[in-house]
Amino acid sequence: MSTLSTPPDEAVGERSTGRLFGLSDAVFAIAMTLLALDLGVPELGEHPTEGALRHALAAQGSHYLAFLLSFYVTSVYWRRHHAEMRGVRVTHPALVRRTMILLLAVSALPFASNLLGAYGSEAGIVIAVYAGVNAVAMGALLLIRWTARHHRLDAGAGPRPEDPELWLDLVAMLLAVPAGYLFPGHGVVALMALLVISGRLGWFVTRRRRRRGSGSAPSSGAAPRDPSGG
């Protein structure tokens, strides 16, 4: 007698999705670790004064800001990728291709983050590169969502309350490109302001959708009305 508890096709599908999840998690973990490599310890020789150390640390403030911002967005991509893939039971070539695009952007994020920390306040092209890498990652996540639903790979396919958030963040990243040129020297501030606005707007839209959904749902405690009037 066979000891398999799941059909062979389903077991193969679970292995393929497991390998895709494993690769994705590994790339995310490595990228998040590489972000910290730009945080170098100041070289001040032996026995530096406290004032000199404070000044050296403050001089690297842009690198700390770029690290925190990039670590945050990378963790958001990881969370959203898992949210989009949580119902997927089998893979598809299109899903694999779009996941590779996402991992390509995530792998390039440490470079874009280092560039932002070093020259973010000096050149608009730096903001364009950083925003472009993030826009590719967000576009790949949207394609992953569409692929999972179009090919019916997601058992729980359907609209979700968090759907608008990714679109709003993508718009914020695209707007950051011209903002980096329109506000020279303040591109990083403009980028963060756009992300804060998109985050608050996404929270507001999601909250309204959830309230609307809960308001339209019938009350579980109310008894159904008898059409006959009895």
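Side notes on the structure shown:
- All positions within the range 186-198 that are closer than 19 Å to Ser113 by Cβ, in contact (Cβ under 8 Å) with a residue 12 or more places away in the chain and surrounded by fewer than 17 Cβ atoms within 10 Å (Cβ to Cβ): His186, Met192
- Test: residue in the range 103-112 that is among the aliphatic types (A, V, I, L, M), within 14 Å of the chain's Cα centre (by Cα), modelled with pLDDT of 90 or more and open to solvent by 50 Å² or more (accessible area, probe 1.4 Å): yes
- Within the range 129-151, being buried (at least 19 other Cβ atoms within 10 Å of the Cβ) and within 12 Å of Arg80 (Cα to Cα) holds for Ala137, Met138, Ala140, Leu141, Ile144, Arg145.
- Of the residues in the range 204-225, none is open to solvent by less than 70 Å² (accessible area, probe 1.4 Å), on the phi > 0 side of the Ramachandran plot and either at pLDDT 85 or above or within 25 Å of the chain's Cα centre (by Cα) (or both).
- Considering residues of the range 76-87 that are of a type outside the set (D, E, K, R) and open to solvent by 40 Å² or more (accessible area, probe 1.4 Å) only, the residue modelled with the highest pLDDT: Trp78
- The set of residues from the range 41-76 being more than 26 Å from the chain's Cα centre (by Cα) and either among the polar types (S, T, N, Q) or not in a helix (DSSP H, G or I) (or both) comprises Val41, Pro42, Glu43, Leu44, Gly45, Glu46, His47, Pro48, Thr49.
- Candidates are the residues of the range 23-40 that are modelled with pLDDT under 90 and either within 24 Å of Arg79 (Cβ to Cβ) or within 20 Å of the chain's Cα centre (by Cα) (or both); the one that is surrounded by the most Cβ atoms within 10 Å (Cβ to Cβ) is Asp38.
- The C-beta contact set for the range 131-146 (first residue over 18 Å from Pro93 (Cα atoms) and touching a residue at least 40 places away in the same chain (Cβ under 8 Å), second residue of a type in the set (Phe, Trp, Tyr) and in a helix (DSSP H, G or I), distance under 7 angstrom, 6+ apart or interchain) comprises Ala137/Tyr77.
- Against the numbered list (1) part of a helix (DSSP H, G or I); (2) modelled with pLDDT under 90, Glu122 comes up short only at (1).
- Counting residues in the range 179-200 that are of a type in the set (D, E, K, R), modelled with pLDDT under 90 and in contact with a helix residue (DSSP H, G or I) (Cβ under 9 Å, 6 or more places away or on another chain) gives zero.
Results for (1) free of Cβ contacts under 8 Å to residues at least 24 places away in the same chain; (2) under 17 Å from Met32 (Cα atoms), shown as yes or no for each residue.
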position: Val88; (1), (2): no, no
position: Val106; (1), (2): no, yes
position: Phe111; (1), (2): yes, yes
position: Leu115; (1), (2): yes, yes
position: Ser121; (1), (2): no, no
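- The range 112-128: number of residues that are of a type in the set (A, V, I, L, M) and under 17 Å from Ala31 (Cα atoms): 3
- Residue in the range 148-167 that is touching a Phe, Trp or Tyr at 6+ places or on another chain (Cβ under 9 Å), without any contact (Cβ under 8 Å) to a residue 24 or more places away in the chain, under 23 Å from Val188 (Cα atoms) and in a helix (DSSP H, G or I) present: no
The values are calculated or read from the model by the stated rules, or taken from the named source; none is laboratory data. It should be emphasised that the depicted structure is a prediction, and the values quoted were computed from it without experimental measurement. Glycine also receives a Cβ, built like all others from the backbone with ideal geometry; neighbour counts cover every protein chain displayed. To get the accessible areas, we keep the full protein, side chains included, count just its heavy atoms, and leave off ligands, DNA and RNA. Shrake-Rupley method; radii C 1.70, N 1.55, O 1.52, S 1.80 Å.
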